[in-house]
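In what follows, a single structure is set out as structure tokens and then discussed.
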């Protein structure tokens, strides 16, 4: 029992020390008992073994600690992979879907940039297309010329390519306008649609009250003429709409004579001035899905009330009906997905753009240093659940850290720096590994008797305090004051004392560390959602590539966002 507890305690203490610079007994005990619940039979003995293991590990030098960690590194990496895969693989099955006869589509409207919630739906569709040996199409739902732009089409394609999502074909709603006009004429001829010239506010009022307007019983011939007038640009914006004649008292309000066509005399980014009567989402979506051979449409649960309307339209036109699958929206706590709200904040200057690292657009996540694989693993863990997903950003960041942990170089940086003069440290350099357990090489850190340490570490020091400058030397404080701290080197033997990262004062590079917090607190904009801290990093940062990700020890992971300004965004 005690031998088992001792081995397990050492293993988790080493991992804890590698992650946080120093092993913590409470954290190690928690990990030991969670991984090996059978050890709970003798908790007192386990606590004793954990205390001894933590004391032993915290007394190790860096090289000894790294060698010890190397014995367990593969085991920990495998457990991390298994945990990620288990969380990312919900049951992937669609009732009624047929292998070899499956076609779905991702239908973004090009009126803004892609959000992480869109990525969830797209990855689900790609996964199902592969599972059922079918196809996934990229379908631009672009029948709102006032809001849609080629810029957004290009941005969406760029985001999707970066995510690594593969599409089998591409098409646009606006290329189907003539066909949609044909179906509109068919609905008018059959008496199932009419042209309404009520003002917009009156239409809303009557729909709310469940009352028909005076135009609902127009003669078919009159409706046919008015429809052609709509199609041929005979009306101005807002003067006429084509409505489907259903049930003005239906409990499902989407069935209360919805609008199918409306007049929008605004130049379309793709079709120019060719059309003025534009189909609504309710009209074009089911018809285009049917025409394009879509068998299974996956969309947000918020559209469920429209499912019945979709089926009614296809039934009236005698068109094939696809299966509609609903999935809950994915929302990140403390953030926004509304395009309107995002645009407002950008216009106000409170956000720098759609790639502001506080947002959860794909452009913002890419800029922040989130990997596509992390996004995929994160979003697929929710599967086709209809339960609302309102989750913490920390979940995505944790997925990302698993991917970058083995690749990110470990470097020294200090925040709110305080000068430290160390007697006994000569001008020179030390060779330090770039990663504790991976072969990433090493770097030369310049040394001198004039160093910088973080202000938070400096505050803990008093005359006589003993500490270790990580991977350099042990030291004892001889003097403190406004001018900084003075100390003397005391050797390199194993030392049970605080360990501080440091930067050479002569060669250190000034930089900015950008910390990201929640964009919203409740419903209010968080003025402290982005903060910059001054820091000094070791000279190695001068050779980093833009967008490279590093870990500043005891501070966190950061991505180099601005190579000239040495600005790093926190992960």
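The values are calculated or read from the model by the stated rules, or taken from the named source; none is laboratory data. Since the model is a prediction, treat every value here as computed from it, not as a measurement. Note that each Cβ is placed from the backbone with ideal geometry, even for glycine, and that neighbours are counted across all protein chains shown.
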*What residue, among those in the range 506-520 that are under 23 Å from residue 450 (Cβ atoms) and surrounded by 19 or more Cβ atoms within 10 Å (Cβ to Cβ), is nearest to the chain's Cα centre (by Cα)?*
513
*Qualifying positions in the range 168-206 - more than 39 Å from the chain's Cα centre (by Cα), in contact (Cβ under 8 Å) with a residue 40 or more places away in the chain and part of a helix (DSSP H, G or I)*: 181, 183, 184, 185, 186, 187, 188, 203, 206
*Return the residue satisfying two criteria in turn: it lies in the range 109-120 and is in contact with a strand residue (DSSP E or B) (Cβ under 8 Å, 6 or more places away or on another chain) and surrounded by fewer than 21 Cβ atoms within 10 Å (Cβ to Cβ), and of such residues it is nearest to residue 389 (Cα to Cα).*
117
*Is one or more of the residues making up the range 521-534 out of contact with any strand residue (DSSP E or B) (no Cβ under 6 Å at 6 or more places or on another chain), under 16 Å from residue 418 (Cα atoms), assigned to a strand (DSSP E or B) and touching a residue at least 12 places away in the same chain (Cβ under 8 Å)?*
yes
*Given (1) without any contact (Cβ under 8 Å) to a residue 24 or more places away in the chain; (2) surrounded by fewer than 18 Cβ atoms within 10 Å (Cβ to Cβ); (3) touching a helix residue (DSSP H, G or I) at 6+ places or on another chain (Cβ under 7 Å), where does residue 51 come up short, assuming only one miss?*
(1)
_Looking at the range 428-435, can you tell me whether even one residue there is outside any loop (DSSP other than H, G, I, E, B) and crowded, with 19+ Cβ neighbours inside 10 Å?_
no
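A quick yes/no check of all residues on (1) in contact with a helix residue (DSSP H, G or I) (Cβ under 6 Å, 6 or more places away or on another chain); (2) more than 28 Å from residue 73 (Cβ to Cβ); (3) surrounded by 18 or more Cβ atoms within 10 Å (Cβ to Cβ):
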residue	(1), (2), (3)
400	yes, no, yes
438	no, no, no
459	no, yes, no
464	no, yes, no
*From the list 486, 564, 554, pick out the single residue that is part of a loop (DSSP other than H, G, I, E, B) and either closer than 17 Å to residue 455 by Cβ or within 20 Å of the chain's Cα centre (by Cα) (or both).*
554
*Scan the range 493-519 for residues that are closer than 19 Å to residue 426 by Cα and at pLDDT below 90 and report the count.*
1
*Qualifying position, being touching a residue at least 12 places away in the same chain (Cβ under 8 Å) and assigned to a strand (DSSP E or B), among 326, 290*: 326
*Counting just the residues of the range 288-306 that are surrounded by 18 or more Cβ atoms within 10 Å (Cβ to Cβ) and touching a strand residue (DSSP E or B) at 6+ places or on another chain (Cβ under 6 Å), which one comes out nearest to residue 176 (Cα to Cα)?*
289
*Can you find even one residue in the range 354-364 that is under 30 Å from residue 69 (Cβ atoms), in contact with a strand residue (DSSP E or B) (Cβ under 6 Å, 6 or more places away or on another chain) and surrounded by 20 or more Cβ atoms within 10 Å (Cβ to Cβ)?*
no
*Under the condition of being surrounded by fewer than 20 Cβ atoms within 10 Å (Cβ to Cβ) and assigned to a loop (DSSP other than H, G, I, E, B), which residue from the range 219-235 is farthest from the chain's Cα centre (by Cα)?*
219
*Counting just the residues of the range 164-188 that are within 11 Å of residue 279 (Cβ to Cβ) and touching a helix residue (DSSP H, G or I) at 6+ places or on another chain (Cβ under 7 Å), which one comes out surrounded by the fewest Cβ atoms within 10 Å (Cβ to Cβ)?*
179
*How many residues are surrounded by 14 or more Cβ atoms within 10 Å (Cβ to Cβ) and part of a helix (DSSP H, G or I) if we restrict to the range 309-323?*
8
_Need the failing condition index for residue 212 against (1) within 22 Å of residue 264 (Cα to Cα); (2) surrounded by 12 or more Cβ atoms within 10 Å (Cβ to Cβ); (3) out of contact with any strand residue (DSSP E or B) (no Cβ under 7 Å at 6 or more places or on another chain), just the number._
(1)
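Residues are listed down the side, and each one gets a yes or a no for (1) farther than 16 Å from residue 298 by Cβ; (2) surrounded by 21 or more Cβ atoms within 10 Å (Cβ to Cβ):
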| position | (1), (2) |
| --- | --- |
| 92 | no, no |
| 98 | no, no |
| 103 | no, no |
| 124 | no, yes |
| 127 | no, no |
| 144 | yes, no |
| 151 | yes, no |
| 162 | yes, no |
